[in-house]
Amino acid sequence: MKKLEMKSPYRQGAEDGIIFGLWLAAIVFGTIFSTAVPALSLPVLLMMLLVPVLIFLLQRRYYVAERGFATTSALWMQGLVMSGCGALLAFVSAYVYMKWVSPGYLDEAYRQGIDSMLDSGVPELVNYAKEVDKMTGGTNIITPRDFCIGMIWTTILCGSIASLVSGFVVGLIPIKKKTV
C-alpha cells in the first residue's frame, strides 16, 4: 500500500505562483503595449476576467492531487502564496520595464489620462482633470516603485479574497473516481 504524501500548500502555491505570475505579467505588458497596439485591449480584458477562473483551476488541480484531503484553509493558503509569488514576478518585471526600459511610461500614461478627460467634453471629467493637474503641478507624482508596490499589495489582497471564495467552491465539488 502506498503511503499518502501531501504536498505543502506553501510549496504548491509557490509553484503555481510562476504560472500566475506569467499570466499577470502578460496582463501588465498587454496593458502597457495596448496604447501602441489597440487590438491587445480585448485579449487583455478577457485575461483579467479569467483571473478568478485561473485561481479556481490551480486550486482544483491541487485539491484533486491531494485526493480531496486539502482543507479550505490549505487551499486559501495556496492561493495566498500563489498571489504573492505571482505578484512579485509580474510587478518586479514591470518595475524593470518602467524604471530602465521605458522610464517615461508612467508620466506619459498620466498625461494621456488627463488629456483624455479634458477632451471628453463631460463637465465633471473636465473639472476633475483640471483639479488633478493643478494639484500635481502638471506632472505625474507616482514613481515606478510606488506603482509596483501598490499593485503587489492590491494583487495579494484580491488574490487572497478570490482564493478564499474559490477554496470553498473547490471543496464542494466531488472528485470523480477513476475506474480501472
* Is it true that Arg145 is at negative phi, touching a residue at least 12 places away in the same chain (Cβ under 8 Å) and loosely packed, with under 13 Cβ neighbours inside 10 Å? -> yes
* Asked: Going by the conditions given, is Leu118 in a helix (DSSP H, G or I), touching a Lys or Arg at 6+ places or on another chain (Cβ under 9 Å), touching a residue at least 12 places away in the same chain (Cβ under 8 Å) and surrounded by 11 or more Cβ atoms within 10 Å (Cβ to Cβ)?
  -> yes
* Can you tell me which residues in segment 56-78 are surrounded by 16 or more Cβ atoms within 10 Å (Cβ to Cβ) and outside any helix (DSSP H, G or I)? -> Glu66, Ala70
* out of contact with any Ser or Thr (no Cβ under 8 Å at 6 or more places or on another chain), over 26 Å from Ile19 (Cβ atoms) and in a helix (DSSP H, G or I), is that true of Asp146? -> yes
* Structure fact -> Over segment 20-55, the set of residues aromatic (Phe, Trp, Tyr) and in contact (Cβ under 8 Å) with a residue 40 or more places away in the chain is Phe20, Trp23, Phe29
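Yes/no per residue for (1) β-branched (Val, Ile, Thr); (2) surrounded by 19 or more Cβ atoms within 10 Å (Cβ to Cβ); (3) modelled with pLDDT under 95:
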| position | (1), (2), (3) |
| --- | --- |
| Leu4 | no, no, yes |
| Gln12 | no, yes, no |
| Ile18 | yes, no, no |
| Pro43 | no, no, no |
| Leu49 | no, no, no |
| Leu80 | no, yes, no |
| Gly84 | no, yes, no |
| Phe91 | no, yes, no |
| Val96 | yes, no, no |
* Hey, any hits in segment 26-47 for a residue that's under 12 Å from Ser166 (Cβ atoms) and under 14 Å from the mean Cα position of the chain (by Cα)? -> no
* To do: Select from segment 149-180 the residues that are part of a helix (DSSP H, G or I) and hydroxyl-bearing (Ser, Thr, Tyr) and write down the one among them that is surrounded by the most Cβ atoms within 10 Å (Cβ to Cβ).
  => Ser163
* Asked: Being over 30 Å from Pro52 (Cα atoms) and not hydroxyl-bearing (Ser, Thr, Tyr), is that true of even one residue in segment 148-160?
  -> no
* Scope segment 44-91; condition touching a Leu at 6+ places or on another chain (Cβ under 6 Å) and of a type in the set (S, T, N, Q); matching residues -> Gln59
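Would you mind stating whether Gly17 is part of a helix (DSSP H, G or I), touching a residue at least 40 places away in the same chain (Cβ under 8 Å) and under 19 Å from the mean Cα position of the chain (by Cα)?
In short, yes.
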* Yes or no: Val53 of a type in the set (Val, Ile, Thr), exposed (fewer than 14 other Cβ atoms within 10 Å of the Cβ) and in a helix (DSSP H, G or I)? -> yes
* What number of residues within segment 87-105 satisfy the criterion of being closer than 20 Å to Cys158 by Cα and of a type in the set (Val, Ile, Thr)? -> 1
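The values are calculated or read from the model by the stated rules, or taken from the named source; none is laboratory data. Given the structure is predicted, the values throughout are model-derived calculations rather than measurements. Reconstructed Cβ throughout: ideal geometry from the backbone, glycine too, with neighbour counts over all protein chains shown.
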